[in-house]
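Peer 1: Can you keep this structure in mind? I'll have questions shortly.
The values are calculated or read from the model by the stated rules, or taken from the named source; none is laboratory data. A quick note: this is a predicted structure, and the numbers were derived from the prediction, not measured. With ideal geometry, Cβ positions are generated from the backbone for all residues, glycine too; neighbour counts draw on all protein chains shown. Only protein heavy atoms, including side chains, enter the accessible area calculation; ligands, DNA and RNA are left aside. Shrake-Rupley method; radii C 1.70, N 1.55, O 1.52, S 1.80 Å.
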Amino acid sequence: MGKADQFRDKAQDLADRARAKTGNAKDEASERASQAKARSDEERRAQMEAQDRFDQDYDA
């Protein structure tokens, strides 16, 4: 194997690693966004329930 082949293999290996890291970062960002949306939905639901309880108490 010549020097050119070694450099080509090394470059390919580095490119593959970079693609894997980019993919992992995208997956992590997507997961964080999903978790934030779930928290937001839970907070909104809790607010609505509190408002409903207040409204029921006020009506009584």
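Peer 1: Find the all-direction average of the projected area of the Cα convex hull for the chain, expressing the result in square nanometres with one decimal place.
Peer 2: Values: hull surface 14.2 nm².
Computed as one quarter of the Cα hull surface, the answer is 3.6 nm².
Peer 1: Given the DSSP H assignment, sum -39500 (n - 2.57) over each helix run of at least 4 residues in the chain and divide by its residue total; what's the result at 222 nm in deg cm²/dmol, nearest 500? Numbers along the way, then the final one.
Peer 2: Values: 1 runs with 57 residues, N = 60.
Result for the chain, helices only: -36000 deg cm²/dmol.
Peer 1: Return one number: the angle in degrees, 0 to 90 and rounded to the nearest 10, between the long axis of the Cα atoms of helix 3-59 and the longest principal axis of the Cα atoms of the chain.
Peer 2: The angle comes out near 0 degrees.
Peer 1: Something else now. How much net charge surrounds Gln47 when only the other residues with a Cβ under 14 Å from the Cβ of Gln47 are counted, with Lys and Arg +1 and Asp and Glu -1?
Peer 2: Values: positive: Arg39, Arg44, Arg45, Arg53; negative: Asp41, Glu42, Glu43, Glu49, Asp52, Asp55.
So the surrounding residues net to -2.
Peer 1: For the chain, what is the accessible area per residue in Å² when the probe is 1.4 Å?
Peer 2: Computed with neighbouring chains in place, this is 94 Å² per residue.
Peer 1: Under 11 Å from the Cβ of Lys21, count the other residues' Cβ atoms, weight Lys and Arg +1, Asp and Glu -1, and hand me the total. Could the numbers behind the result be given before it?
Peer 2: Numbers: positive: Arg17, Arg19, Lys26; negative: Asp16, Asp27, Glu28.
Cβ neighbours under 11 Å give a net charge of 0.
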